[in-house]
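Bear in mind that the values in this text are calculations on the coordinates, not laboratory data. None of these values were measured; they are calculated from a predicted model.
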């Protein structure tokens, strides 16, 4: 099964939004309205991935490697 090795490799390079971003240095005044809108739309797009993940798991339940990777 591929999953255990893939999981190990991918987790090793995964970033943490809370600890890897220096939020204390963030200056909202440097952010344009266009940038803020783009960030918002990207966040909405990522959020919509949740139902897609459920669909992939439903449609590929026979593929244990794919399902475990999801």
Quiz item: In a solvent-free Debye calculation with one equal scatterer on each Cα, what is log10 I(q)/I(0) for the chain at q = 0.17, 0.19 Å⁻¹, listed in the order of the q values?
Solution: -0.88, -0.96
Quiz item: Relative to the first principal axis of the alpha-carbon coordinates of the chain, what is the inclination of helix 33-47, with its axis defined by its Cα atoms, in degrees from 0 to 90 and to the nearest 10?
Solution: 20
Quiz item: Relative to the present Cα-Cα distance, how much length would full extension add between residue 9 and residue 32 at 0.36 nm per residue of separation?
Solution: 4.6 nm
Exercise. Return one number: the angle in degrees, 0 to 90 and rounded to the nearest 10, between the long axis of the Cα atoms of helix 3-12 and the longest principal axis of the Cα atoms of the chain.
Key: 20
